[in-house]
Structures are given as structure tokens and as C-alpha cells.
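Dropping the structure in here first, questions after.
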Amino acid sequence: MVIPGVVGAIGYFALQLSDASWSGPVGLIGGYFGAPTLLAVGAPFGDRSIYPLAIAAAGVMWLLIGVLASRRATRNPVATWADYWRHYFWMLGGIWLGVAVGLVVATVKIGSGIVDW
């Protein structure tokens, strides 16, 4: 949960601490990569009252991804941390690829209003 947590925190602090033009895209992308469930609730256009629920669901999801990676890594009797990270990064990459595809589809469907560079 550390990697998505750090990415999500960077996105959050970019939105909270800066009014520069880069803070919007960094905040949106960091938020989505940290909490992919925000896509499911329609952030940034959805109901803001369910964002905390989506963030909590993302925390549970990342915890389950870590548990699944540990279970897959320990199938080998001499498992190492490298085995864990290999499995974890494959799952992390798949989720982040899905988020990137979702952002591309949303940008094409809605227009350049999602990520305005």
C-alpha cells in the first residue's frame, strides 16, 4: 500500500497546496493511480460525498493485492522479497494500465476537459 499511497498523497497535496497549472493534472492522475476506485464513482464530476468511500475501497483493494502477491510469492518454499515484488508489480502495472486506458477513454469521450495540459 506504500507505493499507491505515496502516489495518491502526491496527487492530493498537489491539489491542496498549489494553484499552478500543473497541479490539476498531477492531482487527478495521482489521485486515480493512488485510488483507482475514484474512476468508478465518477471523480471529479461525481458526488463528492462518496469520494471517501471510494478511497477506503481502494485501500482495501491495495491491501488485497498485497495479500494476493504474498500468497503467490510464497508458493515457492524459498520465497524472497524479490518474488513478492515481482508479483506485486505485475498486478500494480495491470491496474495502472487500466486507469490509463480509462483516462484516455474519458478524455476522448468528454474532450480535453479531463486532463487539460
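The values are calculated or read from the model by the stated rules, or taken from the named source; none is laboratory data. Nothing here was measured: the structure is a model prediction, and the numbers come from that model. Every residue, glycine as well, gets a Cβ built from its backbone with ideal geometry; the counts of neighbours run over all protein chains shown. These accessible areas exclude ligands, DNA and RNA; they are computed on the full protein's heavy atoms, side chains included. Shrake-Rupley method; radii C 1.70, N 1.55, O 1.52, S 1.80 Å.
Counting only protein chains, not ligands or nucleic acids, how are Ser23, Ser49, Ser70 ordered by accessible area (probe 1.4 Å), most first?
Values: Ser23 10, Ser49 85, Ser70 45 Å².
The residues order as Ser49, Ser70, Ser23, largest area first.
As a test of the definition: which semi-axes, in Å, follow for the chain when you take the square root of five times each eigenvalue of its alpha carbon gyration tensor? Largest first, please. Intermediate results must be reported in sequence, preceding the final value.
Numbers: eigenvalues 173, 40, 37 Å².
Three semi-axes, in Å: 29, 14, 14.
Ok, one more. What helices does the chain hold that run 30 Å or longer along their axis, going by alpha-carbon atoms, with a Kyte-Doolittle average of 0.0 or more, using DSSP H for the helix calls?
Qualifying helices: 51-73, 81-110.
Next up: Divide by every residue of the chain the summed helix terms, -39500 (n - 2.57) for each DSSP H run of at least 4, and state the resulting mean residue ellipticity at 222 nm, rounded to the nearest 500 deg cm²/dmol. Walk me through the intermediate numbers first.
Details: 5 runs with 85 residues, N = 117.
Here the helix-only value at 222 nm equals -24500 deg cm²/dmol.
Please list Trp96, Trp62, Trp85, Trp90 from largest to smallest accessible area, probe radius 1.4 Å, with all protein chains kept in place. If you can, show how the numbers build up before the last one.
Details: Trp96 60, Trp62 10, Trp85 100, Trp90 195 Å².
Descending order: Trp90, Trp85, Trp96, Trp62.
Another question, if that's okay. Principal axis extents for the range 60-109, Cα atoms only, whole Å, descending order, please.
The principal-axis extents, from largest down, are 48, 19, 12 Å.
To the nearest 10 square angstrom, what accessible area does Met1 show with a 1.4 Å probe?
Roll a 1.4 Å probe over it and Met1 shows about 120 Å².
So what does Val60 come to for accessible area, using a 1.4 Å probe and Å² rounded to 10?
Approximately 80 Å² for this residue.
While we're looking at this one, here's another question. In terms of solvent-accessible area of protein heavy atoms at a 1.4 angstrom probe, what is the ranking of Val78, Val7, highest value first?
On the way: Val78 110, Val7 35 Å².
So, going from the largest accessible area down, we get Val78, Val7.
Please calculate the 1.4 Å probe accessible area of Ile55, with all protein chains present, and give it to the nearest 10 Å².
Here the accessible area works out near 90 Å².
Put +1 on the Cβ of every Lys and Arg and -1 on every Asp and Glu Cβ in the chain; which of Tyr84, Ala9, Val104 then has its Cα farthest towards the positive end of the dipole?
Of the options given, the answer is Tyr84.
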